[in-house]
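Structure first, then comments.
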Amino acid sequence: MSDSSATVNRFESFSVGDVSMRSVGVHVVMYGAALLFVLPYLYMISTSLQTQQEAVSEGMHWIPDPITFAAFTNLLTGSLIVQWAINTLIIASVTTLLVLLVDSMIAFALTRLDWPGQRYVLGLIIASFMVPGFVNIIPLYILIADLGLLNNYAAVILPFAAGPLGVFLLAQFFRDLPHELQEAAQLDGFSNLRIYTHIILPLSKSILTALALFIFVWSWNQFLWPLIVLQSEAAYTLPIGVVVLQDNFTYQPAVTMASALIASGPLFILFLLLQEQLMSAVEMQGVT
Amino acid sequence: MSVTDRFDGIKGVISSDSRSRKELIEGILFSLPYLVIFGTFLLYPLVMGGYMSLFDWNAIDPTQSVFIGLENYAQLMADDGFWNALKNTGYFALLTVPSILVVALGLALGVNRDIKGKGLLRAIFFSPYILTVSVTALVWIDLYSTQYGMINHYLGMIMANPPQWLQTRLTAMPAIAMTTVWWLVGFSFVILLAARQSVPEYLYEAAQLDGAGTWRQFRDVTVPQIRHAIFFVIIINIIWAAQVYGQPYVMTSGGPGKTTETLVMYLYQSAFSQRNFGYAAAIGYVLTGILVLVSIANYYFLGGDNE
């Protein structure tokens with residue numbers, strides 16, 4: 001990087017001062033933008049630690065005075081937020097495991113085995129990318145109700161697992177794995193099941209991790225569909241629970257912000273720990 | 001186990017015919033779990049939705065539903081509520097898609113420069129994307145609040161009458177759009193940054209030797225080199241915008257005066273408030289049609305481009 005800018009300096013006889021002025025400008029703009037991006041977080045944290053009076057008073061109080069955890073204790077004692085957190089965690093975890101399992105199995109069958117019709121199956125799955133999720137809301141709701149799955153975790157998990165994203169990403173990755181390994185394993189008498197579990201899956205750890213994170217975050221954050229099929233308050237997930245709380249605790253910003261922090265905090269911690277993998281799952285989607 | 005494995009392996013080498021039958025059976029077995037879920041919870045509802053849209057659907061007793069052909073679609077064409085929702089959704093897309101593209105591209109090119117703390121900046125710009133829509137909406141309701149909100153607190157210092165963001169017809173949708181840009185821009189930013197980083201540096205060196213300045217390098221090198229990523233970002237954001245629901249649902253409930261009621265909200269209303277399932281299914285199909293056209297247009301634009 002610095003090499004190429006040094007070259008620029010030598011080629012164009014610009015003064016060093018001009019380039020560094022520009023560099024300062026870039027830094028100011030980018031860090032200014034970064035500050036704008038984090039202001040809502042700072043507001044969330046600060047407000048959640050304020051008293052009710054301070055939170056609704058005029059002006060900005062970035063440093064709460066006094067700092068109080070009243071909003072959090074209010075929530076823990078006066079709402080079902082813990083139950084919702086458990087629901088959300090279960091739904092997101094099971095969805096992630098299910099998607100990894102069934103998507104990697106079919107991706108293996110579509111790319112590493114050779115059977116008639118596999119091209120059509122893959123084509124059908126990829127074509128389903130064009131179907132926007134909400135089109136299915138009405139018939140899917142009737143189906144879920146008929147199956148007796150309303151208020152059940154499965155009502156959220158199964159329709160999500162039907163999505164094509166994981167199949168698509170894994171099929172692309174599996175296809176590019178070297179075929180020599182598989183052939184050698186076949187000569188050694190490996191069954192296809194063993195090739196799947198002992199060769200393909202271990203070679204795909206990076207993409208499986210990235211996909212798992214993305215699916216986990218995405219299913220944790222689902223909003224419209226859980227709102228429709230989870231109708232009893234005890235079955236809510238955090239994203240729909242926090243909206244109900246805002247109605248129950250009207251004009252209590254401290255409580256609302258505390259609930260927002262609880263609803264998104266776990267994902268933020270996950271993000272801080274594994275941001276590279278999560279962002280690489282996004283990058284992979286751009287390489288189509 | 002290993003004996004039969006080896007036997008299968010030998011058999012595979014000897015008889016390719018029985019091997020290909022075995023691969024067919026195994027292929028189907030490996031595919032089955034996903035295909036069952038896919039068929040039940042994606043394909044079946046898709047077909048069923050099309051079928052329902054041809055009926056005056058009876059939610060309580062489906063056997064009492066009356067076949068009405070394309071009547072639902074005809075009604076839709078004459079329904080002011082539908083056109084209003086379509087117009088609002090289009091307006092939302094018009095506000096968000098270009099803004100997200102410009103902001104994401106600007107941030108990506110900035111982070112790609114010789115700048116300190118690249119990793120930190122990348123994480124910050126991406127981070128709102130991991131929030132759920134309701135949390136995003138709740139935080140921004142407070143930021144926009146006319147009584148204790150942060151935005152008007154600071155705007156009040158430089159202007160006399162800051163806007164009443166979510167409460168006026170003129171500003172409600174732009175306010176929702178601004179929130180959406182903050183929330184979703186990280187996805188497009190990461191994709192454009194990755195695309196920019198994979199452009200070979202020698203292209204820029206060659207352009208500089210030709211005397212190309214920053215703008216010419218951007219126009220003649222960067223944009224053509226990352227055009228696939230740009231198209232992808234545009235398409236995916238159009239698809240998201242067409243399905244916008246959570247932000248207006250939480251922030252304005254479609255108001256004021258239905259100026260922020262979107263298509264998915266209208267579909268939801270038709271189905272779950274008015275119990276008009278066939279009609280709602282028809283709305284879903286119309287929007288799918290629009291999105292399929294967008295996808296085809298995208299394919300057409302990129303068609304004949306075999307790089």
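The values are calculated or read from the model by the stated rules, or taken from the named source; none is laboratory data. Model, not experiment: these values are computed from the prediction. Here the Cβ positions follow ideal geometry from the backbone for every residue, glycine too, while neighbour counts run over all protein chains shown.
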Within the stretch B:202-214, identify whether any single residue is assigned to a helix (DSSP H, G or I), farther than 30 Å from A:Val282 by Cβ, aliphatic (A, V, I, L, M) and at pLDDT 90 or above, and answer yes or no. yes
Within the stretch A:140-195, the residues that are among the β-branched types (Val, Ile, Thr) and without any contact (Cβ under 8 Å) to a residue 24 or more places away in the chain are A:Ile142
Do we find that B:Ile226 is farther than 20 Å from A:Val26 by Cβ and among the β-branched types (Val, Ile, Thr) in this structure? no
Evaluate the following for A:Thr47: is it β-branched (Val, Ile, Thr) and in contact with an Asp or Glu (Cβ under 9 Å, 6 or more places away or on another chain)? yes
For the stretch B:18-27, state whether one or more residues are over 30 Å from A:Ile195 (Cβ atoms) and in a helix (DSSP H, G or I). no
Take the conditions more than 11 Å from chain A (Cβ to nearest Cβ) and closer than 22 Å to B:Leu94 by Cα and apply them to B:Val199. Does it pass? no
Failed condition for B:Ile100, given (1) more than 22 Å from B:Phe125 (Cβ to Cβ); (2) in contact with a Ser or Thr (Cβ under 7 Å, 6 or more places away or on another chain): (1)
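Among the residues of the stretch A:113-122, count how many are more than 9 Å from chain B (Cβ to nearest Cβ) and over 14 Å from A:Gly163 (Cα atoms).
2
Quick grid of which residues meet (1) away from every other protein chain (no Cβ under 11 Å); (2) more than 16 Å from the chain's Cα centre (by Cα):
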site: B:Trp215; (1), (2): yes, yes
site: B:Phe231; (1), (2): no, no
site: B:Asn237; (1), (2): yes, no
site: B:Gln243; (1), (2): no, no
site: B:Pro248; (1), (2): yes, no
site: B:Gly278; (1), (2): no, yes
site: B:Gly284; (1), (2): no, no
site: B:Thr288; (1), (2): no, no
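Mind listing whichever residues of the stretch A:16-65 are assigned to a loop (DSSP other than H, G, I, E, B), more than 10 Å from chain B (Cβ to nearest Cβ) and closer than 20 Å to A:Ala260 by Cβ?
The initial filter retains those residues of the stretch A:16-65 that are assigned to a loop (DSSP other than H, G, I, E, B), namely A:49-51, A:57-65.
After this cut, where a residue has to be more than 10 Å from chain B (Cβ to nearest Cβ) as well, the list is A:49-51, A:63-65.
Of everything in the stretch A:16-65, those that are assigned to a loop (DSSP other than H, G, I, E, B), more than 10 Å from chain B (Cβ to nearest Cβ) and closer than 20 Å to A:Ala260 by Cβ turn out to be A:Leu49, A:Gln50, A:Thr51, A:Ile63, A:Pro64.
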Within the stretch A:98-128, of all residues that are exposed (fewer than 15 other Cβ atoms within 10 Å of the Cβ) and under 22 Å from the mean Cα position of the chain (by Cα), the one nearest to B:Arg21 (Cα to Cα) is A:Leu101
Could you say which residue among B:Val133, B:Val36 is of a type in the set (Val, Ile, Thr) and out of contact with any helix residue (DSSP H, G or I) (no Cβ under 7 Å at 6 or more places or on another chain)? B:Val36
Are any residues in the stretch B:270-307 crowded, with 16+ Cβ neighbours inside 10 Å and part of a loop (DSSP other than H, G, I, E, B), and if so, which ones? B:Asn276
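Filtering the stretch A:180-210 down to residues that are more than 14 Å from chain B (Cβ to nearest Cβ) and within 23 Å of A:Ala281 (Cα to Cα), which residue is nearest to the chain's Cα centre (by Cα)?
Among those residues, the one meeting the criterion is A:Thr209.
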Test result for B:Leu267, in contact with a helix residue (DSSP H, G or I) (Cβ under 6 Å, 6 or more places away or on another chain), surrounded by fewer than 19 Cβ atoms within 10 Å (Cβ to Cβ) and in a helix (DSSP H, G or I): no
Residues that are assigned to a helix (DSSP H, G or I), assigned by TED's automatic domain parsing to the domain that holds B:Ala104, surrounded by 24 or more Cβ atoms within 10 Å (Cβ to Cβ) and without any contact (Cβ under 8 Å) to a residue 12 or more places away in the chain: does the stretch B:143-160 have at least one? no
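Being more than 9 Å from chain B (Cβ to nearest Cβ) and surrounded by fewer than 22 Cβ atoms within 10 Å (Cβ to Cβ) is the filter here; which residues of the stretch A:148-165 pass it?
A:Gly148, A:Leu149, A:Leu150, A:Asn151, A:Asn152, A:Tyr153, A:Ala154, A:Leu165
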Being at pLDDT 90 or above and closer than 30 Å to B:Phe218 by Cα narrows B:Ile191, B:Ile176 down to just B:Ile191
Got at least one residue in the stretch A:212-226 being of a type outside the set (A, V, I, L, M), over 30 Å from A:Ile106 (Cα atoms) and assigned to a helix (DSSP H, G or I)? no
Report yes if some residue within the stretch A:95-104 is more than 18 Å from A:Leu227 (Cβ to Cβ) and away from chain B (no Cβ under 14 Å); otherwise report no. yes
Of the residues in the stretch A:166-179, how many are away from every other protein chain (no Cβ under 13 Å) and either part of a helix (DSSP H, G or I) or modelled with pLDDT of 95 or more (or both)? 5
Pull up the stretch A:233-274, narrow it to residues that are farther than 17 Å from B:Gln247 by Cα, within 10 Å of chain B (Cβ to nearest Cβ) and modelled with pLDDT under 90, then point me to the one that is surrounded by the fewest Cβ atoms within 10 Å (Cβ to Cβ). A:Tyr251
